[in-house]
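Below: one structure, written as structure tokens.
The values are calculated or read from the model by the stated rules, or taken from the named source; none is laboratory data. None of these values were measured; they are calculated from a predicted model. All Cβ positions, even for glycine, are placed from backbone atoms using ideal geometry, and neighbour counts span all protein chains on display.
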Amino acid sequence: MKKTNSLFRSSLFALLLLFLAWILSSAGVLNLYIQQVLMYVGINIILTLSLNLVNGYMGEFSVGHAGFMAVGAYVASLLTVAVFPRAWGPFIFPMVLVCGGLAAALAALIIAFPSFRTRGDYLAIVTLAFNMIVKSVLENIDAVGGPRGYMGMSKLTNLVWVVFWVLITLLVLRNFIYSNLGRGVVAIREDELAATLVSVNTPRLKIYAFCLSAFFAGVAGGLYAHLLQFINPRSFSILKSTDMLVMVYLGGIGSLTGSILGATLYTVLMELLRPLELWRWVVGPLLLVLLMIFRPTGIMGLRESRWIRPAADKI
Amino acid sequence: MMALALQYLLNALQLGSVYALIALGYTMVYGILTMINFAHGDIFMVGSYLAMWATLFLLGIKLPLPVPLVFLGALLFTMILTAALGVAIERLAYRPLRHAPRVSAVITALGVGLFLENFTLATIGPEPRQMPAIIPVQQLSWAGISFTNIQLLIIIVSIILMLLLDWLVRHTLTGMAMRAISYNRPIVPLMGVPVNRVISMTFAIGSAIAGAGGLLYGLAYPVLDPYMGIRIGWWAFIAAVVGGIGNIRGAVLGGYLLGVVEIFTPVFLASSTYRDFVAFSMLLILLIFKPNGILGRPTFEKV
């Protein structure tokens, strides 16, 4: 009885949020700049949630998430611009995003094999190398514009779609984390050897989590490409990956609420600091270093809001 | 044909020397703290800016200093200041995290690197600077190979520095303490080794060598910009991993190997834009078959 009740409330809340997004964006309540910032916030929330699965919940260390985002962005853009007729755009947009996400997940599967043979620092090295390789490959393919970038996408991303995908990401990741598999993921973080001993299939689980994370990074990439209507390999450099790391560690590792908070705070802060011009880029790294020294677990730490934890976990 | 190959090899040696110098810093810090100091490439960048100012100053004062003195003065100035920078970074950013999870230290290092880049960008401005020529360039040729005195200087100075470091690590008390810490961290303090001082020393030496690399690189490629440390730093890092991170001779080997990759990729693929792709793919493939690098020894997890 209680379960159906909370399910009903959550769906109602989601619908309300979607409706609010639709009203706000179509009725001209918000000006375009604020809408734009809100969409960035949404995309960053998706990215942060997805990276948190690997870095926060699984305790592995991926620094190349911008690589997955790039794969998603380029695949989705190619589909809407070169493969399908332009008029179909609005109808196939969700499918296109899913394709971008799947391509990113496939890329994750490919690099998972070399990286999970070793742990810790080496995963950082491999994901970093992946980020560099993706950027380098994109710069060398003339069909997608090489270093000049790729354009011609229609502006298909709007506030409603962003909110929709944020909700989907939150739902899927939350259900994954509190499922049997997800508890295995947390066990890997706490002690991989002990997890293996209690028959958690660690190699397979790591690949699942990694691919799921890459999938949502790819979706975020597709949204980003159709918001900006222009992508180039440089926008998916290691700087982008570092931004994501800042957001994850600002909000709190191993906390979905924290990721939402971290992404929102960081994006809004960076917008507010725009008048500082070049000095703005000094703030992010400095913030990261200070966070690591003084509060390495982030704002939320490992805590989670009551809304997200399942009923069985509430004590 | 032979002469051409030798010509390329000489270029590879020149570039490889710089990579090897920077890779040494990565590998030394990893050996002692098992931490990847991602800010190291940016210490190299700061080093080349410092070298630029030092030479501008030394050439600017009215005294007619002889060329070797200007070079040595700039080298000394750069090495001392970058050493101080390295020690300061370790003291302020890494030491508070010594007992934190290793991931925190790595992220901090990434943050420090970005901070150095963007701070330089914000204070000096984005436009590239020109490194003044300390030594007039002379074209030399021997047995059909043409080279410059700068190339020769870079290779010789690098090799001297590497031999110095090798001697320092193998034959001095500090070096012995470094090797001891990298061999068994928990036991060493019990033997009365001042761990903090040795770690500071490691950062000082590694950063000073990177600073020297900055000066030498600036002599060969005199255009400096705040983001120059990223690419060179990553390449040097690959060099350290390929050679076996934590192993000093491995870093030198990896450095020269990467120099060869960078110079010979355009020869075989007819385009220099693939060099990042080739280098990072090489790294990935190597990690699959030999996860500890060429000279690294395997580590085992104790339960």
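Data for the structure
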| quantity | calculated |
| --- | --- |
| Residue, farthest from the other protein chains (Cβ to nearest Cβ), within the stretch B:108-159, restricted to residues that are of a type in the set (S, T, N, Q), in contact with a Phe, Trp or Tyr (Cβ under 9 Å, 6 or more places away or on another chain) and assigned to a strand (DSSP E or B) | B:Ser141 |
| Search result, residues across the stretch A:43-58 that are over 14 Å from A:Leu245 (Cβ atoms) and within 14 Å of another protein chain (Cβ to nearest Cβ) | A:Tyr57, A:Met58 |
| In the stretch A:219-240, the residues that are in a helix (DSSP H, G or I) and surrounded by fewer than 24 Cβ atoms within 10 Å (Cβ to Cβ) | A:Leu227, A:Leu228, A:Pro233, A:Arg234, A:Ser235, A:Ile238, A:Leu239, A:Lys240 |
| Residue among A:Leu106, A:Leu156 that is within 30 Å of A:Ala27 (Cβ to Cβ) and either assigned to a helix (DSSP H, G or I) or touching a residue at least 12 places away in the same chain (Cβ under 8 Å) (or both) | A:Leu156 |
| All helices (runs of 4 or more DSSP H) inside the stretch A:1-90 with 2 or more residues being aliphatic (A, V, I, L, M) and at pLDDT 90 or above | A:32-52, A:65-78 |
| Residue tally, condition more than 13 Å from chain A (Cβ to nearest Cβ) and either part of a helix (DSSP H, G or I) or in contact with a Cys (Cβ under 7 Å, 6 or more places away or on another chain) (or both), over the stretch B:237-253 | 7 |
| Of the criteria (1) part of a helix (DSSP H, G or I); (2) within 14 Å of chain B (Cβ to nearest Cβ); (3) touching a Phe, Trp or Tyr at 6+ places or on another chain (Cβ under 9 Å), which one A:Gly254 fails | (1) |
| Residues within the stretch B:181-198 that are touching a helix residue (DSSP H, G or I) at 6+ places or on another chain (Cβ under 6 Å) and under 11 Å from B:Gly31 (Cβ atoms), tallied | 2 |
| Considering residues of the stretch A:283-309 that are β-branched (Val, Ile, Thr) and modelled with pLDDT of 85 or more only, the residue nearest to the chain's Cα centre (by Cα) | A:Val289 |
| Matching entry among A:Ala143, A:Ala194, A:Ala129 (being free of Cβ contacts under 8 Å to residues at least 12 places away in the same chain, within 14 Å of chain B (Cβ to nearest Cβ) and not hydroxyl-bearing (Ser, Thr, Tyr)) | A:Ala194 |
| Some residue of the stretch B:69-89 being under 23 Å from B:Gly206 (Cα atoms), within 14 Å of chain A (Cβ to nearest Cβ), modelled with pLDDT of 85 or more and surrounded by fewer than 22 Cβ atoms within 10 Å (Cβ to Cβ) | yes |
